[in-house]
Amino acid sequence: MVFFISQSLFFIIPLLIVAIAGMFSEKSGTVNIALEGLMVIGAFCGTFFINKMQAIGFLEGAPQLLLIISMILAGIGGAIFSSLLGFLAINMRANQVIGGTALNLVGGALAIFLAKQFQPNNAVQISYDNSVFRLNSDFLADVFPNLNYIFFKQAYLTLYIGILILIVSTIVIYKTKFGSRLSACGEHPEAAQSVGINVYRYRWIGVLLSGFLGGLGGLVYALPISVSFEGTVAGYGFLALAVLIFGQWKPMRVFIAAIFFGMFKALSVTFFSFDWISDLIVQFPNVPFGTIFRILPYLATMLILALTSKRSKAPKASGIPFNFKAN
Amino acid sequence: MSNLLKKIGNFFKNLWAKIVPFVKKVWAKILPVLKKIGKAIAKFFSNFKKTEGFNAFLGAMLAISIGLIMGILLMWIIKPDNATEGITRLIKGTLNNPNGIKAGIGVLLLNSAPLILTGLSVAFAFKTGLFNIGASGQYTVGLFCAVLVGILGDSLGSFQWIAAVLAGMAGGFLWGAIPGLFKARYNVHEVITSIMFNYVGMYLVNGLLTSNFLKTRVVDGSNNRTIKVDQAARTAYGFFDELFPNSGLDISILIAIGTAIFIYFLLNKTVFGRELKAVGLNRHAAKYSGVNEKKGIFLSMAISGMLAGLGGALFILGPNRFNLGNAYAIENVILTPGFDGIPIALLASSNPIGVVFATFFVSHIKLAGTAMQSVGFVKEIVDIIIAIILYFSAFSLILTQNLGNIKKFFHKFKRKKKTQDVAFEAKEGDE
């Protein structure tokens, strides 16, 4: 159980960050289906930087600082990449779903291309040592060994950064002038414009923020679960999109949705650690439990969406291009 | 002798005198007709210039040229030494085949057949206003069903091929129908569900192939691929092995092109197709005029899936070169043909006939990508080019529609800022 919770955190936190990334973009009125591509680009920038820095021994004594720098780089990579979506959706008023799909394809191809170009022997895998980034702290180890294992020993700094992002973005969306204006641009851009808000600028900020968080989320996803990045995040950006819809574009509900899906996803890699599932596997050797647990998160997503989509509270103008001249 | 010459001369004179008025008469009759034809052609072209089709064609050309230019620049930047050779190979594409032009064209057509069908799949859904991003999953499931019948259906005899193709179509139909049902019944966005079903399909197919029952019968354990389908289940070469020797081309390309023509007629000349298009153009208006829009959405996704499934079946049943057959590798990777369908459908503006030509182009530069590898360029450059083309085709239609306004655009761009400021001032003043 402890192992399961510790593993699910590795899935929950990136889902949370990327879903919040999508939220900023959709709140401002741009559908961001390119989350997958943003994650790939961010993960590529971050892991490539870590790979090179670990090779030359840069910041060997301060791995957490290296992690923070690479997270910022991953975010910047994502933000630059998302500007392509911003140009297409905001300035050119093109179909955002198609543009986002194009960016997903560009992201995947670009990451593999760059990896092959800049690595010896045209290798696609970018390898890194993620054990040095573990917090490995003994805080509370004597009193609550399980809590210590989950939150301080096996955990990464990314866990706390993810929660920080959740809190900050909740405050920004609900308690600041910026947040209200951003939502106004996604709900009713004409009304926002009529009170003097520059809709283009707010939509651009929304998309760039989305790119930054999406890229950061890509690195947060890739780092703990593997020791190499191979140019794919396995449909995680789309899962985050589903989490966003399930969470009804509200940060706290997105967090709950992320916990739900993260646990399902973690179940697909850790199901053998549960005794009762192991017993089931022994009892029914013909049932393909591995496949069932792999499919479960996707099916659960679809069922939940089917139940919640009827009373969806999506930003009303999300996906509709805004034309200044038409007003 | 001279008399004879004179006679002959007179004969010709008389003949000439008779012919000239006749010709003049005929000419006088033909001339207006010719003029009419000429005018009609001119009118057709001038009309065509104004149509959506021409705009779409111009847009596609624009997107393709931007994509190719950016790809060439990229190649120039990363490897200036080999750039000339690489770019030549990029443009030659099909013609890089070492076995000559005929074999090259054969391989191009062979690779195009499944892509035409996935392109049609995406285009068909587009016409009903749906974005079927799950062609990949439908392709995989169709392929799997075709493999099962192609290997296990020995008792079917000579019907095995047809049964396998139909099984592939049924598999794709089912895999498209479920997202369609979710969209029609529960209003879940089809992009999310069809993406999810890509993964569900891939994991399910891989899980079933590694299950105890199928592992020994269908899978070759030594290389973790499916074994080749039975001889009776393979697509016939037809006359193509003589026409395009050494390429492995079979009649699947005819099936693909035939399907494209069929879909064209289905969409444009039947009530059913018109209803689907009406749902795509305005769901509520269609409902008001008596179209069952939920049924339309469901059937559109299901038929779209069926087309992708047919593509998967045709790929796996193809005999390939020297009748070696094709195989499916059991890896946890989403197959690419489904995703290639998206740029194809967009380049063609979802026109079924256009899909065929767009596919030829995409297959052409994909072949170029393979040929480029031997001079030190990774083949992902081609994926990037295709993605750039997709990116630009998302808004090239808007660009070409305003081609005439391009001069005004720059003026407006300068003026825009001023008017914007004025507008804001005015509005603030009102408050």
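The values are calculated or read from the model by the stated rules, or taken from the named source; none is laboratory data. Predicted, not measured: the structure shown is a model, and the values here were computed from it. Neighbour counts run over all protein chains shown; Cβ positions are idealised from the backbone, glycine included.
Can you tell which of A:A94, A:A155, A:A141 is free of Cβ contacts under 8 Å to residues at least 60 places away in the same chain and not in a helix (DSSP H, G or I)?
Residue meeting the stated conditions: A:A141.
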If you scan the range A:32-58, which residues turn out to be out of contact with any strand residue (DSSP E or B) (no Cβ under 8 Å at 6 or more places or on another chain) and surrounded by fewer than 24 Cβ atoms within 10 Å (Cβ to Cβ)? A:F49, A:K52, A:M53, A:Q54, A:A55, A:I56, A:G57, A:F58
For the range A:306-320, give me the residue count where each residue is in contact with a His (Cβ under 8 Å, 6 or more places away or on another chain) and either surrounded by 13 or more Cβ atoms within 10 Å (Cβ to Cβ) or within 12 Å of chain B (Cβ to nearest Cβ) (or both). 2
In the range B:147-174, what count of residues is obtained for those that are surrounded by fewer than 21 Cβ atoms within 10 Å (Cβ to Cβ), over 22 Å from the mean Cα position of the chain (by Cα) and over 19 Å from B:N206 (Cα atoms)? 9
Residues that are modelled with pLDDT of 90 or more: which helices (runs of 4 or more DSSP H) entirely in the range B:68-169 hold 1 or more of them? B:101-127, B:135-152
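Give the residues of the range B:200-230 that are at the interface with chain A (Cβ under 9 Å from one of its Cβ atoms) and in a strand (DSSP E or B), sorted by residue number.
Residues satisfying the conditions do not exist here.
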For the range A:277-291, which residues satisfy the criterion of being of a type outside the set (S, T, N, Q) and either within 8 Å of another protein chain (Cβ to nearest Cβ) or in contact (Cβ under 8 Å) with a residue 24 or more places away in the chain (or both)? A:P285, A:P288, A:G290
Residues of the range A:100-131 classified as at the interface with chain B (Cβ under 8 Å from one of its Cβ atoms) and among the hydroxyl-bearing types (S, T, Y), total: 1
Identify all residues within the range B:77-114 that are under 20 Å from the mean Cα position of the chain (by Cα) and of a type in the set (G, A, S); write none if there are none. B:G93, B:G104, B:G106, B:S112, B:A113
For the range A:60-91, the count of residues that are crowded, with 17+ Cβ neighbours inside 10 Å and either part of a loop (DSSP other than H, G, I, E, B) or not β-branched (V, I, T) (or both) equals 18
Take the residues in the range B:334-351 that are polar (S, T, N, Q) and away from chain A (no Cβ under 11 Å), then tell me which one is farthest from A:N104 (Cα to Cα). B:N351
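Which of the following residues is buried (at least 23 other Cβ atoms within 10 Å of the Cβ), free of Cβ contacts under 8 Å to residues at least 60 places away in the same chain and over 17 Å from the mean Cα position of the chain (by Cα): B:F144, B:F182?
B:F182
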Scan the range A:292-303 for residues that are more than 7 Å from chain B (Cβ to nearest Cβ) and surrounded by 15 or more Cβ atoms within 10 Å (Cβ to Cβ) and jot them down. A:I292, A:F293, A:L296, A:P297, A:A300
From the list A:R134, A:R181, A:R201, pick out the single residue that is closer than 18 Å to A:I69 by Cβ and basic (K, R). A:R134
Considering each residue of the range A:158-208, count those that are surrounded by fewer than 20 Cβ atoms within 10 Å (Cβ to Cβ), within 14 Å of another protein chain (Cβ to nearest Cβ), of a type in the set (A, V, I, L, M) and free of Cβ contacts under 8 Å to residues at least 12 places away in the same chain, and give that number. 2
Is at least one residue of the range A:171-183 of a type in the set (G, A, S) and more than 22 Å from A:A34 (Cα to Cα)? yes
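Okay, residues lined up against (1) polar (S, T, N, Q); (2) surrounded by fewer than 24 Cβ atoms within 10 Å (Cβ to Cβ):
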residue	(1), (2)
B:P343	no, no
B:A348	no, no
B:P352	no, no
B:G369	no, yes
B:Q373	yes, yes
